[in-house]
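Notes follow the structure.
Values quoted throughout were computed directly from the atomic coordinates according to the rules given, and no laboratory measurement underlies them. Just so it is clear, the model here is predicted, and its values are computed rather than measured. As a convention, Cβ positions derive from the backbone with ideal geometry for all residues, glycine included, and neighbour counts pool all protein chains shown.
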Ligand code: URA
């Protein structure tokens with residue numbers, strides 16, 4: 001520890017002292033499951049640089065190139081984890097039972113780093129169900145989907161097309177995500193994480209039984225609609241979401257994710273057109 005630090009910790013072997021030090025240094029979230037030894041990585045990089053310089057003088061002995069640090073290993077979902085998710089989801093006969101099943105499920109490693117399980121918000125009796133990608137930091141802290149900056153934009157969008165009477169009043173919509181736990185550092189969800197959460201999402205749709213599903217962003221659209229085109233090709237189109245336990249296929253579409261609209265405000269015009277089409281379609285369902 002820095003001798004000149006203003007802060008002294010009584011017992012250097014107390015793990016809470018390390019935690020306090022992290023907090024004081026501004027470390028406030030975990031961004032990976034496994035620690036990365038940056039010192040070893042920089043040593044390795046230095047060694048490779050030196051080797052490359054040596055090689056420049058001896059071109060006949062090529063060095064195999066390797067990444068500076070091993071890429072983070074994806075935690076793969078096993079068949080058992082997916083089967084356990086399917087079994088737990090199928091057992092649920094109400095939305096509350098499903099919420100409890102998701103909270104109790106231990107097959108998604110994201111749960112270890114998340115503060116909360118983020119299940120849903122709004123009215124489960126609503127005609128329209130929005131499905132986003134995954135909770136971010138604010139959602140993780142509060143346990144509610146779409147409450148951060150992106151959620152604020154979503155609320156404004158829903159208010160402007162009449163789906164929210166007051167901004168933030170979610171009584172006419174139901175909102176959830178494909179993942180129920182925040183991926184560390186808001187990275188993209190992996191296929192394995194989606195695979196273990198999807199059985200719960202499918203059951204969620206069956207139990208809510210909405211008239212319409214709107215997927216927010218490409219990741220949600222791919223997972224729920226099962227189409228592999230990008231969001232620019234999926235938005236504005238209509239699909240039938242079918243499942244054996246739904247009484248009839250549910251109309252489904254995709255909309256640009258609010259995060260994308262915050263980054264690319266010029267696309268808001270297209271999102272607005274899509275929203276108007278959604279409202280018009282909803283009236284006839
Ligand atoms: N982005 C999402 O996809 N979902 C949330 O709940 C928040 C941000």
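Okay, here's what the table says:
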{"read-out": "Cα-based Rg of region 227-275 normalised by 2.2 N^0.38 Å, two decimals", "value": "1.36"}
{"read-out": "Relative contact order %, region 79-283, counting alpha carbon pairs below 8 Å whose residues are six or more apart", "value": "22 percent"}
{"read-out": "Cβ-based exposure ranking for 19, 154, in which fewest neighbours within 10 Å come first", "value": "19, 154"}
{"read-out": "Neighbour-count order for 155, 140, fewest beta carbons within 10 angstrom listed first", "value": "155, 140"}
{"read-out": "Neighbour-count ranking [beta-carbon atoms within 10 angstrom, fewest first] of 173, 178", "value": "173, 178"}
{"read-out": "Projected area averaged over orientations for region 79-283, convex hull of C-alpha atoms, nm²", "value": "10.4 nm²"}
{"read-out": "Region 146-180-region 94-138 distance, computed between alpha-carbon centres (Å)", "value": "16 Å"}
{"read-out": "DSSP-defined antiparallel bridges as percent of all bridges, region 79-283, nearest 5", "value": "30 percent"}
{"read-out": "Prolate/oblate/rounded call for region 153-270, Cα gyration tensor, a/c under 1.5 rounded", "value": "rounded"}
